[in-house]
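As structure tokens, the structure follows; a few thoughts come after it.
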Amino acid sequence: MADPIIAPKPQLARRAHIASLEQYQQIYAASVRDPRGFWRECAARVDWFHPFERTFRQDFANAEVSWFLGGKLNAAHNCVDRWLHDRAEQTALIWVGDEPGTYRHISFHELHENVGRLANVLRAHGVQKGDRVCIYLPMIPEAAYAMLACARIGAVHSVVFAGFSAESLRDRIVDADCRVVLTANEGLRGGKVIPLKATVDAALEGTAVTTVLVKRRTDTAVPMRAGRDLDYDEQVQRQRAYCPIEWMDSEDPLFVLYTSGSTGRPKGQLHTTGGYLVYASYTHEIVFDWHRGDVHFCAADVGWITGHSYIVYGPLCNGATTVMFESTPVYPDARRYWQVVDDVQASIFYTAPTALRALVRFGDEPVRTSSRASLRVLGSVGEPINPEIWRWYHDVVGEGRCAVVDTWWQTETGGILISPLPGATPCKPGSATFPLPGVRPVLVDEHGRELTGNDVTGNLCLVGSWPGQARTILNDHERFRQTYFTTYPGRYFTGDGCRRDADGYYWITGRVDDVLNVSGHRLGTAEVESALVAHDYCAEAAVVGCPHDVKGTGIYCFVIRGKAAEGHDDAEVEDVLRQQVRDAIGAIATPDRIQLVSGLPKTRSGKIMRRILRKVAESRYDELGDISTLAEPAVVEEIVAGHKTWAK
Ligand code: WT7
């Protein structure tokens, strides 16, 4: 049966930047015919202190790309100062606090002052161009000030999601060699207190950090270490509001952001200034069809790339009003998002399918209590959106009048690559539809042969660079090259599987490597496994994904007890190990199931047969394939039996 097609709404097409499928196709064709011309023109959307001389250079064999060579600019200038002449009093940032009804409007003028003061504080504490600064803050305006203050002086920010554990935070601080950390005494989310400063204290043991700036978010006094810890407010009050701008080369780093891969520790993805900013701002404008005056509400956290590109850099670089939401979709109840949409009169709303799946459970009533009349575009990001959820988003939240844009991209891509455009693209629920202008996806089979034509399924790669592409992994360019450019030489490999249907629509089918997408967050199975085996209750572990109604993918751990766990009952061992993973990585990595087993399915050469474990975790017992070659085929029976008792 053919997939149903939802046509773009005429009332959206009338005002859209890209206003029909034909127009999209023309722009797209021109962009791939002449990428240099296309991107050169596109780059004019940002303010250049010095124009660039060459549009781009690409050498995928060596994993090297550079954009807008020879140009000079500053991201904070583009996101703040540039708007002072005509919209200084316009709201740049609407902060939505955790407690319902808490709002703060920060104008571009105020943003400029706050960023300038903080930039001067950083300079006063020795931060120089190129130095890395760690930001471990909750969703408060200071998180945006901190990113922009770093950008202003040419420092490279490394935002660490405030849900990560002390150990994860320390790894990231050490890897990036940060000397300065910005944090808060405590965070507040869904009425719960998050002890951020205590986590920072634990993380800093044995690191080179010299300075910690502590913003007071709550009234709780926290211990401050003399000579290292400083009160944020006291520090900014001492500085003047104006801070001179450091003009950066296009290819000077703007930030690093850590993300999980299939092996090893999280990788610090490095994004640079010119290409990233052009790409974030261009995609923000066309994908959400943003127009001056529109309030953009992206409900992500700045700890992820979505927050970087579509709360801070993209919207502010376009002079937009952007929303920063401190709370959760269900605090104090399931009406919260829609209440905020009405209160701030948001035109654009952007969230992850996991949040929508959590909300659907409460039915339509909590949505219907709001007006949502201001909304025009509803975005989805981070994981495949189930067609039923897509329909609910479209029919109930958007009342059939709003465009739904299912945006596919990655931390490494800097911005959206595949997505419908609100005024142009006929949608099929569950498909991210077509590539944006200048983006060239290809599907390849396992031998690296390109699958041309339609109605094909393969691994998703990109040929040709785009400005937002990550440039390297901090301190490990070889790993960058290996991970993305060697599987299919000459192409960037995304790690995702994908189908291009008979009509040329792209359907992302999910990761084809050992990366889990848990509630739209990326986790390497290897990371969870090393957290488990670090505890002496665990002798050996294998972690795979399992279907989960809300999270999309849950974390399923097969564990062989360690000696130290002898004499403890199963429930206790499971609890201890669950806590162990939370402590090692953070709450987002909490295992959904720990199954204690006496052995793992291994080949005779000792390799764990993860394929079998994945099938078991998906309850696909009939698809285990040939298990006769295993060292101990009997363990499979035990594992299946153990899974059945849990899954029923
Ligand atoms: C992975 C990247 C992009 C910002 C948030 C996640 C999955 C992302 C979609 C989508 C299906 C998606 C992919 C991708 N993903 N968007 N619209 N449909 N899958 O960034 O943490 O770097 O994760 O998220 O598997 O590779 P990330």
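The values are calculated or read from the model by the stated rules, or taken from the named source; none is laboratory data. Bear in mind the structure is a predicted one, so any value in this text is a computation, not a measurement. No Cβ is skipped: glycine too gets one built from the backbone with ideal geometry, and neighbour counts run over all protein chains shown. Quick note on the areas: whole protein, heavy atoms, side chains included, nothing else; ligands and nucleic acids left out. Shrake-Rupley method; radii C 1.70, N 1.55, O 1.52, S 1.80 Å.
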Task: Low-density loop positions, trypsin sites (Lys or Arg not before Pro), region 1-69 - DSSP coil, at most 13 other Cβ in 10 Å - done: Arg14, Arg15
TODO: Please state, as a whole number in µm²/s, the translational diffusion coefficient that the Stokes-Einstein equation yields for region 492-648 at 20 °C and 1.002 mPa s, with Rh defined as the Kirkwood radius across alpha carbon pairs.
DONE: 130 µm²/s
TODO: Would you mind getting the accessible area per residue of the chain, heavy atoms of the protein chains only, 1.4 Å probe, in Å²?
DONE: 37 Å²
Task: Local electrostatic count at Asn120 - Lys and Arg +1, Asp and Glu -1, tallied over other residues with Cβ under 9 Å - done: +4
Open item on the list: Net charge within 12 Å of Gln11 by Cβ-Cβ distance, Lys/Arg positive one each and Asp/Glu negative one each, not counting Gln11 itself?
Closed with: +4
- [ ] Using the 2.2 N^0.38 Å rule of thumb for compact globular proteins, work out how the chain stacks up: its C-alpha Rg over that value, please.
- [x] 0.94
- [ ] Go through region 125-234 and name the trypsin sites (Lys or Arg not before Pro) that are in a DSSP coil and have 14 or fewer other Cβ atoms within 10 Å of their Cβ.
- [x] Lys129, Arg225, Arg228
Task: Cβ-defined net charge surrounding Arg238, 13 Å radius [Lys, Arg +1; Asp, Glu -1] - done: 0
TODO: Write out the trypsin sites (Lys or Arg not before Pro) in region 343-375 meeting two conditions: DSSP loop, and at most 13 other Cβ atoms within 10 Å of their Cβ.
DONE: Arg361
- [ ] Quick one: accessible surface of Lys551, probe radius 1.4 Å, all protein chains present, in square angstrom to the nearest 10.
- [x] 50 Å²
Open item on the list: Could you work out what % of the accessible surface of the chain is carbon and sulfur, using a 1.4 angstrom probe and leaving DNA, RNA and ligands out of the count?
Closed with: 49 percent
TODO: List the equivalent ellipsoid semi-axes of region 544-621 in whole Å, largest first, each obtained as the square root of 5λ for an eigenvalue λ of the Cα gyration tensor.
DONE: 20, 19, 11
- [ ] Using Cα positions and a limit of under 27 Å, work out the lysines in reach of Lys9, with same-chain residues fewer than 8 apart set aside.
- [x] Lys428
Open item on the list: Below 8 Å, C-alpha to C-alpha, sequence gap of six or more: please give me the relative contact order for region 538-621 in percent.
Closed with: 34 percent
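Given a 1.4 Å probe and heavy atoms of the protein chains only, how would you sort Met224, Met324, largest accessible area at the top?
Largest accessible area first, the list is Met224, Met324.
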TODO: Could you please state, rounded to a whole Å, how far the C-alpha centre of region 384-400 is from the C-alpha centre of region 1-71?
DONE: 28 Å
- [ ] Note down the accessible area of His17, probe 1.4 Å, to the nearest 10 Å².
- [x] 70 Å²
Task: the chain - percent relative contact order, Cα under 8 Å, separation 6 or more - done: 14 percent
- [ ] Let me know the longest stretch in the chain that avoids all GluC sites (Glu not before Pro) found in a DSSP loop with at most 11 other C-beta atoms within 10 Å.
- [x] 206-445
Open item on the list: Quick check: Cα centre of region 418-453 to Cα centre of region 225-240, how many Å?
Closed with: 49 Å
Open item on the list: What aspartates and glutamates does Lys602 reach when the alpha-carbon gap must be under 15 Å and sequence neighbours fewer than 8 apart in one chain are set aside?
Closed with: Glu540, Asp626, Glu632, Glu637, Glu638
Task: Residue pairs, from the table Lys129/Lys267; Lys267/Lys607; Lys551/Lys615; Lys72/Lys215, whose Cα atoms sit over 28 Å apart - done: Lys72/Lys215
